[in-house]
Every structure is written in structure tokens, then in C-alpha cells.
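Here is the structure we will look at.
Rule-based calculations on the coordinates, nothing more; no lab input. Here the structure is a predicted model, which is why all the values come from computation and not from measurement. When we count neighbours, we look across all protein chains shown, and the Cβ atoms used for this are built from the backbone with ideal geometry, even at glycine.
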Amino acid sequence: MTPPSFSAPLLEWYDRNAAALPWRSPDPDPYAVWLSEVMLQQTQVETVIPYFLRFLDAYPTVRALADAPLDDILKLWEGLGYYSRARNLYRAAQVVAYELDERFPDTPEALLKLPGVGRYTAGAIASIAFGRQAALVDGNVYRVFARLMDYDGDITTPPAQAQMWAWAEAWVPAERAGDYNQAVMELGRTVCTPKQPRCPSCPLSERCLARANGTQAERPVKKKAGKKPHYEVAAGVVRGEDGRLLIAQRPLEGLLGGLWEFPGGKQEAGETLPECLMRELDEELGITVEVGAELCAVRHAFTHFSITLHAFECRLVDGEPRPIQANALAWVTEDELDRYGFGKADREVIRFLRDQPRRLL
């Protein structure tokens, strides 16, 4: 299959059906394209739109983003998930603003040097913002290509992924490469959907080998994910004598890096949750606490595992909290919690604290 066999009808379809998205423009702004593409990684368009608009309002230029405190960026990102994207966004903004004189690189090779920019994002920015003949592959593209070619390989394997990228690079047209790439992704998002694809509405239906063979529901082939491990986690709602709450900032690298939390950690074999919490607060903050009643339990799923977060009211017994394993600490009122960025599970604990009467040890 060569580009002329389907790029023309695909672009004609896109011209009629392209969604009006806030980052799409006849004269694309590289900053807006980059921001949207980072947010769209593993996140649905409908979820991204309000975050994109808030970010663009708060930080209208890459310089404004580079000059902002990381805490503010993480707070604005709160709820969008995959927080390493926000940290890399901040690092890349500083590179572009301070080292590249606010000029975004315009080739995939140069874009790949920016923090957080991988092969897909580099191709998207280069083609959409700068019109480069650059390929990209995401989940929607995998699905469209696998059905077009009736590809029966497991798309989670390196050979299959290499094949998809080979097709993407061979088929991206020299003209309107950005529109073509967006068209393939839009087709996958709105027509060539994972379940019950709308084949009669597809501009490529006559060229689709899976439809011809009746295998569209079986493509793409993807092995089932194994069972995710589950962990029990204890967190301490530690109050000072003045009623303020102790919160800790997670290390800047790693899961939920830079976000704030009620301090605690994962339960180990053979210990109760209160014992877990006392050990964790001693190791992380150098304090001894008396653990009271459990306030609430919140179940939350991450990409590769899930947790149940058990929040306990705690009273400080001995020691001055210090950030031994945390990036920073703060004593805050419940109203001041809104200034800090928290992960979803901790936000549920905050919601409980505000909805329920004060519980005492």
C-alpha cells in the first residue's frame, strides 16, 4: 500500500470532519502544539481540553511556563495524571526559553533532545507545527494500520511496533504531513474505534483488508495484561497543637514526583497498618506518633499496580519533623491545602476531612 492509495481520501474526510480543537489552527503555534501533545499522551481529548485552556491562560508563552514555580505547575496539572509529563514539560520549557531563545526545534531529531519528548511527540510537533514530513504512531494509529493491513501480530511486541513505524514513515506524505497525521489519529478516535468500528462511515473502508476479511473486531491483536499487584498503604493525618496538618512533598523524581501527600508508606509483611505508619513516619520524618482511628480508606489504580490508602488520625508524640526521605515539609490549615498539588488518593482524604466532623484521638 502506497500513500496515494489512501492519503487523498483520508485528507478529504479530515477536511470535512476534523474536530475544532483549541490547539488546531491554520497557523499552528509550536508552543500550543507541544503543550497539547504532551497532555494528550495516554489521555483522552475531552479530558485534555480544559487543562490545556487553563495552562495557556496561566502560561501564555514558553517563557512564562519556564519562569513559573514547579509547585504551581504541578497544582495546575492536578488530576491530569502521569505527573512526570508536567515535570518534563517544565524542564523542556526552560531549555527552549533559556538555551534556545524561545525557539522550538523544528525537526524530529532536534525535538528528541528536549526532556520528555519521545518519538511520537517529536513527529507530532515537527509535522503539525512545522509541516515536516515526520511520522508518528500512537494507539489510534496502531489500530487503524492493523486493520488496514489485517495485521495479525501482537502489537505489544517490538517486531510489531517496528512494522507500524515502518508503515508510518513510508506512508506520511510530503504535503500536509501534519494534517495527515492528525487525520489518522482522528479516524482512530472517532470511526475506527476499539469496539464496534463505524466501518460504513470510514473513508478507507474499501481499502481495509480487515473489513474485507471480516476480522476488524479481532484487530489489533494485543495480549491480555497480567494481574496488577495490590498494596496496602498507611498515611498519617498528623495534627499539630494548633490544629495544622503536616504534609510532605514527594521526591521530585519517581511516582507522583513533586506532589504533596499525607506522609506514610506501604505496609510490609507481618505488620499492622498502625505499625506500618509508625515505622514510615520515623524513617521518613524522624518523628514518633500515636496512631488513632482510621479515618477513611481510598482505593486507587495506577498504570501497573493498585493501592488502598488507609488514612489515620495521628498525634505527634516526639521529634521535630524533618524531610529525611521527602523533598520538603509544611504545616498547613485545611483551607491552605488548596494551594498544594496532591495525587488523587490524597485528594479523596482531603475531601473526607472536609465532609466529616473532626475526629479526635
In the neighborhood of VAL233, defined by Cβ-to-Cβ distances under 12 Å, what is the net charge if each Lys or Arg adds +1 and each Asp or Glu adds -1?
-3
Give the angle, between 0 and 90 degrees and rounded to the nearest 10, that separates the Cα long axis of helix 344-355 from the longest principal axis of the Cα atoms of the chain.
50
Tell me, what ³J(HN,Hα) does each residue in region 234-240 have, in order and in whole Hz, if you take phi through Karplus 6.51 cos²θ - 1.76 cosθ + 1.60 with θ = phi - 60° and put x for Gly and Pro?
10, 10, x, 8, 8, 10, x
J(HN,Hα) series, region 331-341, from Karplus relation 6.51 cos²θ - 1.76 cosθ + 1.60, nearest Hz, glycine and proline x
9, 9, 7, 4, 5, 6, 4, 5, 7, 10, x
Arrange the following residues from fewest to most other Cβ atoms within 10 Å of their Cβ: MET149, MET185.
MET149, MET185
Fewest to most Cβ atoms within 10 Å: PHE352, PHE55 sort as PHE352, PHE55
What helix-only [θ] at 222 nm does the chain give? Using -39500 (n - 2.57) per DSSP H run of at least 4, over all residues, to the nearest 500, the answer is -12000 deg cm²/dmol
Using amide H atoms built in the peptide plane, which far-off residues or other-chain residues are under 5 Å from VAL289 H to H?
VAL317
Counting pairs of Cα atoms in region 3-218, how many percent are more than 23 Å apart?
47
On Cα atoms only, tilt of 30-40 relative to the major axis of the chain in degrees:
70
Given H placed on each backbone N at 1.01 Å, which residues far from LEU259 in sequence or on other chains put an amide H within less than 5 Å of it?
ARG250
Percent relative contact order for region 233-328, counting Cα pairs under 8 Å at least six residues apart, stands at 35
For the chain, averaging the sequence separation of alpha carbon pairs under 8 Å that lie six or more residues apart and dividing by its residue count, the contact order in percent is 15
Folded to 0 to 90 degrees: helix 158-171 orientation relative to the chain principal axis, Cα
50
³J(HN,Hα), Karplus 6.51/-1.76/1.60, whole Hz, each residue of region 107-114, x for Gly, Pro:
10, x, 4, 6, 5, 4, 7, 7
Show the residues, 5+ positions off or on another chain, whose built amide H is closer than 5 Å to the amide H of LEU329.
GLN249
For VAL332, the net charge from surrounding residues (Cβ-Cβ under 12 Å; K, R +1; D, E -1) works out to -2
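Out of the DSSP beta bridges found with both residues in the chain, what percent are antiparallel (nearest 5)?
Values: 22 of 34 bridges.
Antiparallel bridges: around 65 percent, rounded to the nearest 5.
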